[in-house]
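Here's the structure, in structure tokens; my notes come after.
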Amino acid sequence: MALGLPLGLLLLGGAVSLALLGRGEPGGYEAFRERSLDYVAAFAEAAAGWLADGERGTLEDAAKFMLLGSAAYVEVVWEGEEVVREARGALSPPPLTPSPSGPQATLREGDTGRFLEVVYPLAREASYVRVWLEVPFAGGAAAWPPVAAGILAFLGLGVMGGSIYIGRKRPRTQMDVPDRVIEVGSLVIDEGRKEVRLLGKPVRLSPKQYALLLLLAREPGRVFSDGEILRELWPDSRYANSKDVKQYVYLLRRRLGEVVPGAEALIATVPGFGYKLLSPEEIGLTGR
């Protein structure tokens with residue numbers, strides 16, 4: 001997902017609009033509610049992209065930036081696991097059950113004021129973003145202080161997204177070998193086309209999943225440690241760790257198994273050492 005200035009501008013526009021809607025014009029709450037849904041939807045789209053690419057630390061920083069604007073609480077749940085929980089002060093909403101099936105916006109009362117709880121589901125089972133936004137008092141305080149905070153927060157987020165995008169565009173010599181086809185038995189990786197086929201069936205992978213498979217396929221049978229995988233897939237990240245490696249091994253195994261049942265075993269765990277790639281024929285998979 002290409003993030004950067006467009007995302008920053010979208011979120012900045014949301015922060016400014018939310019603050020300006022606090023001046024108490026007729027229909028102000030309904031407009032505030034609609035703007036809030038758009039605002040959280042933009043953040044949810046960015047969050048899904050960061051999580052899919054293993055950039056959990058970036059997501060955590062983005063959630064903290066949001067607290068500088070109109071957000072007082074930010075929570076992100078990914079496949080049933082709470083991956084981000086940031087709050088201003090002691091605000092701690094109760095767990096959300098069950099997971100939402102669609103966007104929701106509900107007024108909530110807190111010790112420090114009124115909030116609009118916006119929940120936005122992500123494109124994974126048991127995954128969602130939940131944000132509590134401060135509801136401006138009708139005819140209340142001037143809007144410019146929160147506007148200024150929103151500008152600083154989301155310009156920072158835009159710059160952050162842009163740096164990630166530029167980092168992704170930067171060539172990586174070890175992984176960049178164009179127009180080469182790697183065959184590990186009936187697992188075929190076309191590096192020039194960025195295509196993967198297993199027993200003749202196409203396998204659609206995210207960029208990070210593809211990079212992991214490509215790394216293992218370059219030396220099939222060799223055991224790659226967590227540290228080697230981290231250095232190759234997250235060379236510039238200060239936050240990636242063995243948990244991210246484990247997550248992407250799981251996601252890649254699951255995707256292979258969706259294409260050919262039993263193909264999860266192509267990626268073998270060597271306890272205490274790391275992971276290696278086996279050929280389909282070694283684990284008894286054939287095209288027949």
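The values are calculated or read from the model by the stated rules, or taken from the named source; none is laboratory data. This one's a predicted model, so the numbers in the text were calculated from it and none came from an experiment. Because the Cβ atoms are built from the backbone with ideal geometry, glycine has one as well, and the counts that use them run over all protein chains shown.
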Residue count for segment 186-237, restricted to those that are at positive phi and in a helix (DSSP H, G or I):
0
Report whether or not Val188 is without any contact (Cβ under 8 Å) to a residue 24 or more places away in the chain, among the hydrophobic types (A, V, I, L, M, F, W, C), touching a Lys or Arg at 6+ places or on another chain (Cβ under 7 Å) and farther than 30 Å from Val84 by Cα.
yes
Which of the numbered conditions does Glu228 fail, given that it passes all the others? Conditions: (1) surrounded by 18 or more Cβ atoms within 10 Å (Cβ to Cβ); (2) modelled with pLDDT of 90 or more.
(1)
Kindly list, by first and then second residue, each pair from a residue in segment 69-80 that is closer than 11 Å to Leu59 by Cβ to a residue that is hydroxyl-bearing (Ser, Thr, Tyr), limited to pairs with Cβ atoms under 9 Å and residues at least 6 apart or on different chains.
Val76/Ser127; Val76/Tyr128; Trp78/Ser127; Trp78/Tyr128
Can you find even one residue in segment 61-77 that is hydroxyl-bearing (Ser, Thr, Tyr), surrounded by fewer than 21 Cβ atoms within 10 Å (Cβ to Cβ) and touching a Gly at 6+ places or on another chain (Cβ under 8 Å)?
no
Could you tell me which of the residues Lys208, Lys246 is within 19 Å of the chain's Cα centre (by Cα), without any contact (Cβ under 8 Å) to a residue 40 or more places away in the chain and surrounded by 12 or more Cβ atoms within 10 Å (Cβ to Cβ)?
Lys246
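Taking the stated definitions as given, is Glu219 closer than 22 Å to Val181 by Cα, out of contact with any helix residue (DSSP H, G or I) (no Cβ under 8 Å at 6 or more places or on another chain) and not assigned by TED's automatic domain parsing to the domain that holds Pro202? Even if it seems obvious, please write down each step before you answer.
On the way: closer than 22 Å to Val181 by Cα: yes; out of contact with any helix residue (DSSP H, G or I) (no Cβ under 8 Å at 6 or more places or on another chain): yes; not assigned by TED's automatic domain parsing to the domain that holds Pro202: no.
No: the conditions fail for Glu219.
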Does Val83 meet the test of being under 19 Å from Ser36 (Cβ atoms), aliphatic (A, V, I, L, M) and surrounded by 15 or more Cβ atoms within 10 Å (Cβ to Cβ)?
no
What do you reckon, is Glu30 under 30 Å from Leu205 (Cβ atoms) and loosely packed, with under 15 Cβ neighbours inside 10 Å?
no
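Could you look through segment 249-288, keep only residues that are free of Cβ contacts under 8 Å to residues at least 24 places away in the same chain and under 14 Å from Asp226 (Cα atoms), and pick out the one that is surrounded by the most Cβ atoms within 10 Å (Cβ to Cβ)? If you could, list the steps in order and put the result at the bottom.
Within segment 249-288, the first condition is being free of Cβ contacts under 8 Å to residues at least 24 places away in the same chain, and the residues that meet it are 250, 253-254, 257-258, 261-262, 264-265, 268-269, 271-272, 283-284, 288.
Okay, now just the ones that are also under 14 Å from Asp226 (Cα atoms), so 250, 268-269, 271-272.
Details: Tyr250: 13, Ala268: 17, Thr269: 13, Pro271: 5, Gly272: 7.
Here the residue is Ala268.
With respect to Val84, is the statement that it is under 20 Å from Ser237 (Cβ atoms), within 17 Å of the chain's Cα centre (by Cα) and not acidic (Asp, Glu) true? Working first, answer last.
Values: under 20 Å from Ser237 (Cβ atoms): yes; within 17 Å of the chain's Cα centre (by Cα): yes; not acidic (Asp, Glu): yes.
For Val84, the condition - under 20 Å from Ser237 (Cβ atoms), within 17 Å of the chain's Cα centre (by Cα) and not acidic (Asp, Glu) - is met.
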